[in-house]
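Have a look at the structure below before the remarks.
The values are calculated or read from the model by the stated rules, or taken from the named source; none is laboratory data. Small disclaimer: the values here were computed from a predicted structure and weren't measured. Neighbour counts are summed over all protein chains in view; Cβ atoms, including those assigned to glycine, are modelled from backbone coordinates with ideal geometry. Only protein heavy atoms, including side chains, enter the accessible area calculation; ligands, DNA and RNA are left aside. Shrake-Rupley method; radii C 1.70, N 1.55, O 1.52, S 1.80 Å.
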Amino acid sequence: MKLILFGPPGAGKGTQAEFLSQTFSIPSISTGAIIRNAIREKTPMGIAAEKYIDEGQLVPDEVVIEIVKERISEDDCKNGYILDGFPRTLNQAVALKNMGEKIDHVIDLEVSDEDLIKRLSGRRECKSCGAPYHIKYNPPKVDGVCDKCGGTLISREDDDPETVRKRLVVYHKQTEPLKEFYKKEGLLRIVKGQEELADTKKEVLKALEVGK
Ligand code: AMP
């Protein structure tokens, strides 16, 4: 099964991707997490990408397309994968198609801008393994500590209110038009983000059933 998790920043793509990854035993691939890792490790790609992330802008298409191309050619992707945060532009969607990848479903997580701004202020991420949390919707068992690896939970720098506003503008302008692309391909499954995490998970599974 090859899935795309689509939606604005803060809609819960990472959390749902992780849930689906466990449910279907396929890897979840977050371009954002790969880039943040490269920034931490100060690789040439990380150094080049940092300014875009800091400004809430998209990293150039050719960079992310190469990241995804390499990652999905790895062995653990042969039974499928979940793309979290890719594609984000029409160029990226076309590149994915041209790679010969047959996507089964595109899950579009919909949350209003007002709710996104509220949600992003409570978002946390493990500094070590990148696991996503939210202080209200998806809290860790112990405050500030990752359930999985014991790492420290931090707020992402690009979740500050000013950068969030920029990221939302970028989403509406450059990424949202992709919905039409996947609608035409018959792959778009719309899921309204729910207040409770468990309810969103149920809606996501339901959307996958409908798409079968
Ligand atoms: P995310 O973790 O998905 O919210 O991504 C964080 C940031 O990484 C974005 O605001 C972009 O700067 C960059 N990024 C992640 N995925 C992509 C993509 N597919 N295309 C361009 N930039 C991306």
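Rounded to the nearest 0.05, what FRET efficiency is calculated for residue 129 and residue 184 with R0 set to 35 Å and r the Cβ-Cβ distance?
0.40
Under a crude label model (7 Å from the Cα following the beta-carbon direction), how far is residue 169 from residue 40 in nanometres?
In this crude label model, residue 169 to residue 40 measures out at 3.0 nm.
Remind me, relative contact order of the chain in percent, using alpha carbon pairs under 8 angstrom and six or more residues apart?
The normalised contact order for the chain reaches 28 percent.
Return one whole number: the accessible area per residue of the chain in Å², for a 1.4 Å probe.
53
What does the charge count around residue 163 come to, taking other residues whose C-beta lies under 11 Å from its C-beta (Lys +1, Arg +1, Asp -1, Glu -1)?
That sum, taken over residues with Cβ under 11 Å, equals -3.
Starting from the Cα of residue 184, draw a straight line to each of the aspartates and glutamates and keep only those under 19 Å, dropping any in the same chain fewer than 8 residues away.
Output for residue 184: 101, 104, 108, 110, 176.
So how do 44-53, 29-38, 64-73, 7-16 stack up, highest first, on mean other-Cβ count within 10 Å?
Answer by packing, highest mean first, reads 7-16, 29-38, 64-73, 44-53.
Give the carbon-plus-sulfur fraction of the accessible surface of the chain in %, rounded to a whole number; probe 1.4 Å, heavy atoms of protein chains only.
51
At a Cα cut-off below 19 Å, give the aspartates and glutamates reachable from residue 102, other chains included and same-chain residues fewer than 8 away excluded.
Cross-link targets: 66, 70, 74, 75, 76, 84, 180, 185, 209.
Once you wrap a convex hull around the alpha carbon atoms of region 149-212, what is its projected area averaged over all directions, in nm²?
Result: 6.9 nm².
If I take R0 = 22 Å and measure r between the Cβ atoms of residue 55 and residue 121 in this structure, what FRET efficiency does the formula 1/(1 + (r/R0)^6) give, to the nearest 0.05?
0.70
For region 84-142, with equal point scatterers placed on the C-alpha atoms only and solvent neglected, what are the log10 I(q)/I(0) values from the Debye formula at q = 0.19 1/Å, to two decimals?
-0.89
How much mean residue ellipticity at 222 nm does the chain get from its helices, if each DSSP H run of length 4 or more adds -39500 (n - 2.57) and you divide by all residues, to the nearest 500 deg cm²/dmol?
Helix-only estimate at 222 nm: -13000 deg cm²/dmol.
Give or take rounding to whole Å, what are the principal axis extents of the alpha carbon atoms in region 122-186, in descending order?
44, 31, 21
Quick one: which of 78/127; 69/97; 2/136; 78/192; 42/127 span more than 23 angstrom between C-alpha atoms?
78/127; 2/136; 78/192
Using the Karplus curve 6.51 cos²θ - 1.76 cosθ + 1.60 with θ = phi - 60°, what ³J(HN,Hα) values do you get for each residue of region 4-10, in whole Hz, with x for Gly and Pro?
10, 9, 10, x, x, x, x
DSSP beta bridges in the chain, what fraction antiparallel, as a percent rounded to 5?
35
Please report the projected area of the chain's Cα convex hull averaged over all directions, in nm².
10.9
Which value, in debye to the nearest 20, gives the size of the charge dipole of region 6-158 about its Cα centre, when Lys and Arg are +1 and Asp and Glu are -1 at the Cβ?
Using Cβ point charges on Lys, Arg, Asp and Glu, region 6-158 gives about 360 debye.
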